[in-house]
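Peer 1: The structure is given below, and queries will be raised subsequently.
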Amino acid sequence: MAHSGSLSPPLPPTAKLNQFTLTWFIFSSVYAIVSIAITKAFSYFLPQPKVSWPKVKDSQSNLPLSDSITIVTGANSGVGYEIAKAHFQKGSDVVLACRNKERGEKAIEDILKESNISPSDNSSKRLRLITLDTVSLDSVRAFVQEFKRCFPGRKVDYLFLNAGIAQKPYDANRFTPDGLEYMYATNFLGQFLLTGLLSSSFSDSIRIISTSSQGASQAKLDPKLAIKGPGKPDEKTNMSKYQVEAGFHTAKVPPVFDAILSLIKLDLFNQYGQTKAMQVAFGNILQNKFDLAAKERGNARRKFAAAFHPGFVATNIFKGFFTPDQTTVISIAQAIIRFLAITPKEGAQAGLWLAHTYDARPGAFYDRDIELVLPWYRSYDDQLADRLWQRWNNDADLKESDWTF
Ligand SMILES: NC(=O)c1ccc[n+]([C@@H]2O[C@H](COP(=O)([O-])OP(=O)(O)OC[C@H]3O[C@@H](n4cnc5c(N)ncnc54)[C@H](OP(=O)(O)O)[C@@H]3O)[C@@H](O)[C@H]2O)c1
């Protein structure tokens, strides 16, 4: 179990279905328009990529991945699906780590269909579904056990930490049964634990690629921010109701924006950006640990960790901004998004490029093949990195000795 010392106990569900509709519709429409405008504006300032991977034409020849093992979290949809498919088509044994068995099986069916491979063909066995719900630390542990049972003695060559949500489900508690903030658990901590538990099974040249987001630029990973807890301490637990460690679980946002957010009781980019920034910091910290271990062993650096922003991609992630009963709005929003955004296949390119290139800086954060520099890098130093590392290990109930670098 995670240590929930500085986290508040579970709060009631954020809202009921019928409480959402009008406010949520207006807010999500405004949100969608603003975020599309920002992404489009960004794309004007960023140079176009020099390299993309895989180029469709030479995809069969440039990278044979036979005898390798790839794990992709959130592989049944969007960016993760495309990454899993690309690696399968190049010959890798691909483990689809999905929370829902039916959706995972459907993804396998679709990948085989798109690869013109019959389910009875021997090579279809290179696709394997192992269920993983990143929101639950127990599920992560069970996944690792199952992986080791299915692939005894085999090493992981590619680990794509891709599963994510942009909005906590309307009916989910703010805190998970492990006592962790919901989005923190889903987007980051579960996959942090996964990486730690798998680390003894990493190949010497493992590539760990996190699907982060430009949202990471809005985050605040700042040790100077104090722990704030407005409410009086709970009588039973003696903990402040809203006590969370600023810089780790909450972002500092302008008061007006904060006031608007509190009206609709939903997280939006506030929490999302924090988790996406943690993925970036994790890649950096992990890389430093890999490098140090390689140096101590007198080896050259071979293990590699990095994060990327996939772009504004037309995927199912945006459905999370609506309640399931808003079917018409969802259809309209999805149609608009499909029109404006890039396809999941295009969104997967930067991740695939990072997994195979020798041109990227290890431990860094990329948008296509361009390294991004985020505002919070200014306050990011060894001390903060250590603090984050300890905090994550503590929350995931991992010890330093559980890691193999
Ligand atoms: N789309 C964009 O514009 C965009 C932009 C920046 C970053 N990203 C990042 O890209 C990544 C992939 O998202 P996407 O856009 O491809 O969206 P998507 O199509 O919704 O895919 C997300 C995947 O994550 C899975 N997932 C969600 N919660 C999970 C959990 N608790 N346990 C295991 N799997 C879980 C989903 O499973 P279910 O199908 O079962 O829900 C799905 O397979 C995310 O990390 C997202 O933050 C996307």
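The values are calculated or read from the model by the stated rules, or taken from the named source; none is laboratory data. All values reported here derive from a predicted model rather than from experimental measurement. Positions of Cβ are generated from backbone atoms using ideal geometry, with glycine treated the same way; all protein chains shown enter the neighbour counts. Please note that ligands, DNA and RNA were not included when accessible areas were found on the heavy atoms of the full protein model with its side chains. Shrake-Rupley method; radii C 1.70, N 1.55, O 1.52, S 1.80 Å.
Peer 1: Quickly run through segment 325-347 and pick out the residues that are under 22 Å from the mean Cα position of the chain (by Cα), of a type in the set (S, T, N, Q) and either open to solvent by 50 Å² or more (accessible area, probe 1.4 Å) or away from the ligand (no atom under 16 Å from the Cβ) (or both).
Peer 2: Residue satisfying the conditions is Thr343 alone.
Peer 1: When you go through Tyr158, Tyr170 one by one, which is the residue that is more than 23 Å from Pro324 (Cβ to Cβ), more than 10 Å from the ligand (Cβ to nearest atom), in contact (Cβ under 8 Å) with a residue 12 or more places away in the chain and open to solvent by 10 Å² or more (accessible area, probe 1.4 Å)?
Peer 2: Tyr158
Peer 1: Among the numbered criteria (1) within 16 Å of the ligand (Cβ to nearest atom); (2) surrounded by fewer than 18 Cβ atoms within 10 Å (Cβ to Cβ), which single criterion is violated by Phe312?
Peer 2: Checking Phe312 against (1) within 16 Å of the ligand (Cβ to nearest atom); (2) surrounded by fewer than 18 Cβ atoms within 10 Å (Cβ to Cβ), the one that fails is (2).
Peer 1: Another question about this same structure. Picking from Thr195, Thr176, which residue would you name as being of a type in the set (Val, Ile, Thr) and either free of Cβ contacts under 8 Å to residues at least 40 places away in the same chain or within 14 Å of the ligand (Cβ to nearest atom) (or both)?
Peer 2: Details: Thr195 fails: either free of Cβ contacts under 8 Å to residues at least 40 places away in the same chain or within 14 Å of the ligand (Cβ to nearest atom) (or both).
That would be Thr176, the only listed residue that is of a type in the set (Val, Ile, Thr) and either free of Cβ contacts under 8 Å to residues at least 40 places away in the same chain or within 14 Å of the ligand (Cβ to nearest atom) (or both).
Peer 1: For Ala305, which of the numbered conditions (1) among the hydrophobic types (A, V, I, L, M, F, W, C); (2) within 14 Å of the ligand (Cβ to nearest atom); (3) touching a strand residue (DSSP E or B) at 6+ places or on another chain (Cβ under 9 Å) fails to hold?
Peer 2: (2)
Peer 1: Now for a different question. Can you spot a residue in segment 111-118 that is part of a strand (DSSP E or B) and not acidic (Asp, Glu)?
Peer 2: We begin by selecting, within segment 111-118, every residue part of a strand (DSSP E or B); these are none.
Looking for residues that are part of a strand (DSSP E or B) and not acidic (Asp, Glu), one finds none in segment 111-118, hence no.
Peer 1: Ala97 is checked against (1) away from the ligand (no atom under 13 Å from the Cβ); (2) assigned to a strand (DSSP E or B) and fails just one. What number does that condition carry?
Peer 2: Ala97 satisfies all of (1) away from the ligand (no atom under 13 Å from the Cβ); (2) assigned to a strand (DSSP E or B) except (1).
Peer 1: Now for a separate question. Pull up segment 382-399, narrow it to residues that are among the basic types (Lys, Arg) and part of a helix (DSSP H, G or I), then point me to the one that is most open to solvent (accessible area, probe 1.4 Å).
Peer 2: So in segment 382-399, the residues among the basic types (Lys, Arg) come out as 387, 391, 399.
Now drop any that are not part of a helix (DSSP H, G or I), which leaves 387, 391.
Working: Arg387: 78, Arg391: 27 Å².
It comes out as Arg387.
Peer 1: Something else about it: List the number of the failed condition for Arg103; all other conditions in (1) assigned to a loop (DSSP other than H, G, I, E, B); (2) near the ligand (Cβ under 10 Å from one of its atoms); (3) open to solvent by 20 Å² or more (accessible area, probe 1.4 Å) hold.
Peer 2: Only one criterion is unmet by Arg103, namely (1).
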